[in-house]
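The values are calculated or read from the model by the stated rules, or taken from the named source; none is laboratory data. All of these numbers come straight from a predicted model, not from anything done at the bench. FYI the Cβ positions are ideal-geometry reconstructions off the backbone, even for glycines, and counts take in every protein chain you see.
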Amino acid sequence: MNHQAALVYISKTYLANQSQSGMQQVFDKVKAVYAQYQKTGNLSTMRYLLALCIRARHGRRMPWCDTRTAVDKLLQANLLSQKFSDFDTLYKEVKKQLNGIHFAQGPLTVYDTALNLGQLFTPAISPTKTVYLSAGAWDGAVFLIGKKNVKPTMPTSTWRVSNLFPTLDSMYIEDVLCICKSIFEKLSQGKQVTQAEVDDCLKICPISLFNESDALQCMGYVPQP
């Protein structure tokens, strides 16, 4: 596949599998845990929920002591009881709360945390106007449109054009830029890619998520056995 054919195939395949993606697996998990918390009001469940929001995907290598500091800060802020007009406002508040916490304050962790928390509101709060770029998504963007054109936050309209991702929403554009960065790197070199290469990047893998008991022990809320 050439450059344009690859992008069309990526968008089509990603959308077809989106309901089972790693991102959606995390969304489903945090919503299930939040529903449990709403029934019980158990503080331990809320601590577990916040830990999931912070480290379920890219934050999984964060030291647990930093996770606890971030969880305590978010607990104190009680963000889920607040009202936010849009995702950008929620993101700024999460960034404010996590500022100064080692590992947690990084842009990718702030984005993941805000993205996961946003799913717990009714209706869900997701990015619409802005695509947030850092780490792998930043690299993918650079390969596609050149370093001089990439910024940490970019209008979604920049990416929803016919020769890029006209059918994808903001958070899915960010996800595709990250998981397909190796494809975009090859395309940037003027090379063609095979369908098998693209499928390998887009394959659905079950995400292994830590359980509540382990999380509470690792964060020091309960004694280690």
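A few comments on the model shown:
- Listing of helices (runs of 4 or more DSSP H) fully contained in region 124-182 that carry 1 or more residues being at pLDDT 95 or above and within 19 Å of Val198 (Cα to Cα): 135-145, 170-179
Yes/no per residue for (1) more than 23 Å from Ser134 (Cα to Cα); (2) modelled with pLDDT of 95 or more:
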| residue | (1), (2) |
| --- | --- |
| Met1 | yes, no |
| Gln18 | no, no |
| Thr45 | yes, yes |
| Ile54 | no, yes |
| Leu74 | no, yes |
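- Qualifying residue in region 160-174 (condition: touching a strand residue (DSSP E or B) at 6+ places or on another chain (Cβ under 7 Å), of a type in the set (S, T, N, Q) and outside the structural domain of Asp88 (by TED's automatic domain parsing)): yes
- Among residues of region 193-221 being assigned to a helix (DSSP H, G or I), within 26 Å of Arg47 (Cα to Cα) and of a type in the set (A, V, I, L, M, F, W, C), the one that is nearest to the chain's Cα centre (by Cα) is Ala215.
- Leu75 vs. criteria within 14 Å of Val94 (Cβ to Cβ) and part of a helix (DSSP H, G or I): yes
- Test: residue in region 20-38 that is free of Cβ contacts under 8 Å to residues at least 60 places away in the same chain, more than 30 Å from Ser188 (Cα to Cα) and outside any helix (DSSP H, G or I): no
- Of the criteria (1) in contact (Cβ under 8 Å) with a residue 24 or more places away in the chain; (2) not assigned by TED's automatic domain parsing to the domain that holds Ala35, which one Phe121 fails: (2)
- Index of the failed condition, Gly190 passing every other in (1) within 21 Å of the chain's Cα centre (by Cα); (2) modelled with pLDDT under 95: (1)
- Screening Val30 on (1) at pLDDT 95 or above; (2) surrounded by fewer than 18 Cβ atoms within 10 Å (Cβ to Cβ); (3) closer than 23 Å to Leu202 by Cα shows it passes everything except condition (2).
- Residues in region 39-61 that are assigned to a helix (DSSP H, G or I) and not hydrophobic (A, V, I, L, M, F, W, C): Lys39, Thr40, Ser44, Thr45, Arg47, Tyr48, Arg55, His58, Gly59, Arg60, Arg61.
- A single entry from Met1, Met62, Met46 fulfils the requirement of being surrounded by 13 or more Cβ atoms within 10 Å (Cβ to Cβ), touching a Phe, Trp or Tyr at 6+ places or on another chain (Cβ under 7 Å), over 28 Å from Asp214 (Cα atoms) and of a type outside the set (Val, Ile, Thr): Met1.
- Conditions (1) within 22 Å of Gly220 (Cα to Cα); (2) part of a loop (DSSP other than H, G, I, E, B); number of the one not met by Lys83: (1)
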